[in-house]
Amino acid sequence: MVALLVLFGIFGAVGAFMVVLLMRRNGAPTETAEGLLVEQQARLQAQQDRVSFAATAVHNSTPTASDTYSRRGGRS
């Protein structure tokens with residue numbers, strides 16, 4: 001019984017720590033031109049990945065590691 005209470009206490013402490021950590025983060029957008037370009041490129045890459053790596057877009061089956069590797073430009 002004590003072990004169960006300790007386990008839940010640890011989970012609660014980790015949860016509280018994560019809440020405090022996330023609340024302390026500043027959610028302000030990037031103000032520099034370089035940062036904006038990096039964010040824009042990451043957003044566009046994520047959008048392309050969501051479309052091109054969807055199982056229905058590949059060949060109506062689950063994607064494999066080789067599909068991801070070849071689409072990312074890893075092969076020449």
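The values are calculated or read from the model by the stated rules, or taken from the named source; none is laboratory data. None of the values given here were measured: they were computed from a predicted structure. These area figures cover heavy atoms from the full protein model, side chains too; ligands, DNA and RNA do not enter into them. Shrake-Rupley method; radii C 1.70, N 1.55, O 1.52, S 1.80 Å.
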Condition (residue is open to solvent by 100 Å² or more (accessible area, probe 1.4 Å), at pLDDT below 65, of a type outside the set (Phe, Trp, Tyr) and part of a helix (DSSP H, G or I)) applied to the range 46-67: is it met by at least one residue? no
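On the given criteria, is Val6 open to solvent by 100 Å² or more (accessible area, probe 1.4 Å), modelled with pLDDT of 80 or more and either of a type in the set (A, V, I, L, M) or at positive phi (or both)? Lay out the reasoning, then the answer.
Values: open to solvent by 100 Å² or more (accessible area, probe 1.4 Å): no; modelled with pLDDT of 80 or more: yes; either of a type in the set (A, V, I, L, M) or at positive phi (or both): yes.
No: the conditions fail for Val6.
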